[in-house]
Every structure is written in C-alpha cells, then in structure tokens.
Amino acid sequence: RGLADVTRKYATHPFVLSGDSWDKLIHDYPVCMATQTSVDRMYWVANVSESWHGPLSVSIFVPDVELHLAKTVIKFLRRCSPAVADRVSFHFVSDVAHPPVDFSAEADDVDLDCNSIHESITKFVDAGRSEEMMKWRDSMIYPQQLLRNVARQGCLAEYVTLVDVDMIPRPGLAEDLRSFLRKKETQSCEKCAYVLPVYEIAETAGKLPENKADLVKMITAKRARPFHQAYEMLVLGFQFKVLDNAFLSHWGFQVLKTRPKWRAKQQEANNRRLDQYSQEFVAKYHRDPLNLQGYSKKAAKFVIAYVADSVIASDLGAEDIDDDDGADDIFLFDAKRGLADVTRKYATHPFVLSGDSWDKLIHDYPIVLAFILCRMLPHPPVDFSAEEDDVDLDCNSVHESITKFVDAGKYVTLVDVVMIPIPGLAEDLRSFLRKKETQSCEKCAYVLPVYEIAETTGKLPENEADLVKMIAAKSGRPFHEVIIR
C-alpha cells in the first residue's frame, strides 16, 4: 500500500507511526520541522526532538532489510526518548528494486541501551546489514530530494522548515519562532522568507551553543563557522531576512573526502544539469544577468552548496478538526495526517480504506488503478458519521468526482471515474502485457480507446462486436478526439 513516486523507482508510506501529541502540536505550533535520514543515522532524531518542541516530520529510506531495522530503532527511540514518542511522526520510502523486508514480528525485542543511543543504533544497524547486502547498498543512490518532499508533505502546519537530520535547533527555537511568526508586523509581509542560519560546531567545543552569545564565542575561538556557503536565492518579489538569535547547529566540521560514493555521482550529475540550464538560459534570453555560466564552471571544481535547506516559507493554514475516530470505524482517515501537495492548497489521505483482496490483486495483476480522498485547505473535511446510523445508499447511483490518483503496479492506466471497462479487460491486458513481444518494446504506449454510448441503447457494449453494431446504429461514437503526443 505504497504510493509510487514520479520515477516509479520508489514507494512512499506516509505516517507509519505518529507522535503521541501530534494533533495538539500541529495546532499549537505554527512551524513544523521536516527532515530525512537513512537508518544508520536515526540516532540524530533523538537529538533534534530534544531541542525542537514542535512537531517533527521524519522520512526514512528503508530498502530491503532496513525496514526491519528502522522499525526496531523507532521502537527503541520512543522507549528511550519521551520527546521522540511525543513529537515525531515517521514516514517510510522504500525501493522498488530492493523491496522492504520485515521479520520484526518473528524476532525478539532487541535490548538496546538507552544510555548510549548513538553507539547502540550504530552497532545494531551494522550487525543487521550483511556484507553481501552492502556490496550494492554502498553505491546505491540515496533519494534525498524525494525523502525531503515526503517529510515536508507530512507537515500540515502553517509554516514548515526543512533541515538535515544532523542540524540541531538551539533550545527554545520552536517557541521563539511561534511568538515571532504570530506578530502583526511579521504576518503583514506576504513575501518574506525567513532564513535560519546553520553553523558547524567543532567537536573540540565539547557542546553545542545554546544561544547567540555562546555561538559568537565559538566563532571567535574558531570552533564554529557557517555551514558551507550561503547563497541568496533569486525568487521574484521575495525578501530574504536572516533571523537574529535563531540558528541551527551541525556537529563537526564537514570534510569533502568523507562523502559517500553515491554523493559524488549525484554531484557530477547536478553540475551537468546546472551547466545545461545556464546554456539554455543564455540562449533564450540572450544575456546572463546572474552569471550562471561563470558559476557553473566554478561548480565543476567545487561542491555546490546547500541552498535554502533552512528557509521558512509561508505555507498552508490548517484548522483544528475534531476527528474522533469511532471504535468500529473501518476508515483509516485522520485530518491532521495528510500529505500537502505542491501548491499546499490540498491534503491527500491515501488508502483510507483498502480492498479485502488488495494485496493479492497487486501481485496477480500488472495494472492497478487506485484513488485517494483529497481535501482542500483551508476548508478541512467535516465528519459526523460516528454520530449517524448507517445509511443505505443505492450502489448503482454512486457518481462522484475523484481528484487524486495513486498507483502501485508495474503499469498504469488513468481514466475518468465514469469510464467503464468492458468485462474481462483486466485479464486480457494481463495476458497481453506479459507477452515477450510486448515487453520487448521499451518505448511503446498502448492506447485504450474510449467511446460514448447513447443512453437509448439501454446497456454498455460487452465486446467489440457489440460496439461495432452501436457505432453503425449511431448509438456509439469516439469520446472526444484521440491525440497522439
């Protein structure tokens, strides 16, 4: 029951576990912090949640056996850290080529030491990943942008700040931001982006700075420095304002040679994209006001800095909804556990109810069509079904607009809800798509034609012969016009 990403290489699994006080925190704090991590770095979640008192949305990459490892580590963190149990909601991102493996139900609880969270998690994860697995795992691309987006989408607060998992907010930052963002002068600026600066803190410092005075002392002593280099983004009409006495700390100075192999490959690809973009920009506008070409040449030699990982941008406004689930409610729906879309005007709630044979059908059929409930903000859903008796609806008259599509199969066909397939189409397509000659064509798009059937016919065609007769009798005709792109 995962949601395929745009590349169909990954599946996302939102809100696999929510913080015990998530609903209250989303209501009380206007800022939600979002971050992402691999299973071997999950110990940082405890550090972040101890300092950040608002809601924290965390996405985790779980290929293969790392699903089991992640679930075990989450249980451990929640047991050892009340802050994690209270404030953190977790989301998983799995890899289609290396589907998640979970044997936690068959394994005994792992006795990890709460007094040494970092060391316990590191040893447990290292022991859980075999040498054979690490042969492909070490060079595997880490989908950090997808993970960031999943964590960000899980934040239905008014504002969201997206940070790396090893960036620790100073104590009290969530409360100070809440006060600042609720001021009239702050809210009156519609196109202001407030920047949370990030600083690297040398391990020799012994501790992280708790306020601006501590940070200034560390910078003077050369035990703190800006994290990489800050670049002001050009966003039309926006003002960038660096917040005072508001910052994040990164433990340890970054060293380029310690970066993983996949990161170097990713950086090379990013450099090529930047160079291509700069050339297209100049070709289109016949000028280079931002000196993109000069920067792309520089980027070929140096690492491109993180840009705006810590920018707070004004987002959606979420209203408080009393969505008390009935004890016998079969729907897995929670208004505060939706995923914000790219416009942040809508929230999607995937798999509110699954078919009883869903797992078997996903395995047996190469084509899947699934829909999810979508709501518009700031008009959150209202549910009073718990107070009403069951309503006996006529299933033959069900006709509703479904505005969001999710798929999880190898192939997908996207249709309007009023388009009815002929009987046996799923089975025929399954046979057709599994033929060698079909699979050998990598860039073939197979079109399912659609026909309008006049209501006077009294029934829909069940096969091609029926359809031909209806067309001849002018009771059937092509649906709009087919355009091959």
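How much FRET efficiency would the formula 1/(1 + (r/R0)^6) give for Phe281 and Asn115, where r is the Cβ-Cβ distance and R0 is 35 Å, rounded to 0.05? Efficiency, from the Cβ-Cβ distance: 0.05.
Once you've got the Cα coordinates, tell me which of Lys71/Lys135; Lys24/Lys123; Lys123/Lys207; Lys9/Lys436; Lys360/Lys436; Lys24/Lys71 are over 29 Å apart. The pairs that break the limit, which is 29 Å between Cα atoms, are Lys24/Lys123. Between His250 and Ile168, Tyr199, Glu200, Ile201, the built amide H atoms are under 5 Å apart, and every one of these is 5 or more places off in sequence or on another chain. Using a simple spin-label model with pseudo-atoms 7 Å out from Cα toward Cβ, Val6 and Thr122 lie 3.7 nm apart. Each of His27, His91 has its accessible area taken with a 1.4 Å probe; listed largest first, they run His27, His91. Ser81 sits among other residues whose Cβ lies under 10 Å from its own Cβ, and their net charge, with Lys and Arg +1 and Asp and Glu -1, is +1.
Looking at the range 122-205, the trypsin sites (Lys or Arg not before Pro) that sit in a DSSP loop and have at most 11 other Cβ atoms within 10 Å of their own Cβ are Arg182, Lys183, Lys191.
Restricting the trypsin sites (Lys or Arg not before Pro) of the range 430-462 to loop positions (DSSP other than H, G, I, E, B) with no more than 15 neighbouring Cβ atoms within 10 Å leaves Arg434, Lys435, Lys443, Lys459. Between Val16 and Ile219, the simple label model (points 7 Å from Cα in the Cβ direction) yields a spacing of 4.0 nm.
Subtracting the Cα-Cα distance of Gln187 and Glu210 from their residue separation scaled by 0.36 nm leaves 5.6 nm.
For the range 129-200, the set of GluC sites (Glu not before Pro) satisfying both a DSSP loop assignment and a count of at most 15 other C-beta atoms within 10 Å is given as Glu190.
Compute log10 of I(q)/I(0) for the range 13-149 with the Debye formula, placing one identical point scatterer on every Cα and leaving out solvent, at q = 0.09, 0.10, 0.13 Å⁻¹, to two decimals. Evaluating at q = 0.09, 0.10, 0.13 Å⁻¹ gives log10 I(q)/I(0) of -0.26, -0.32, -0.54.
The values are calculated or read from the model by the stated rules, or taken from the named source; none is laboratory data. Fair warning: this is a prediction, and the values are worked out from it, not measured in the lab. So basically every Cβ, Gly included, is an ideal-geometry build from the backbone, and we count neighbours across all protein chains shown. Calculation scope for accessible area: heavy atoms of the full protein, side chains included, ligands and nucleic acids excluded. Shrake-Rupley method; radii C 1.70, N 1.55, O 1.52, S 1.80 Å.
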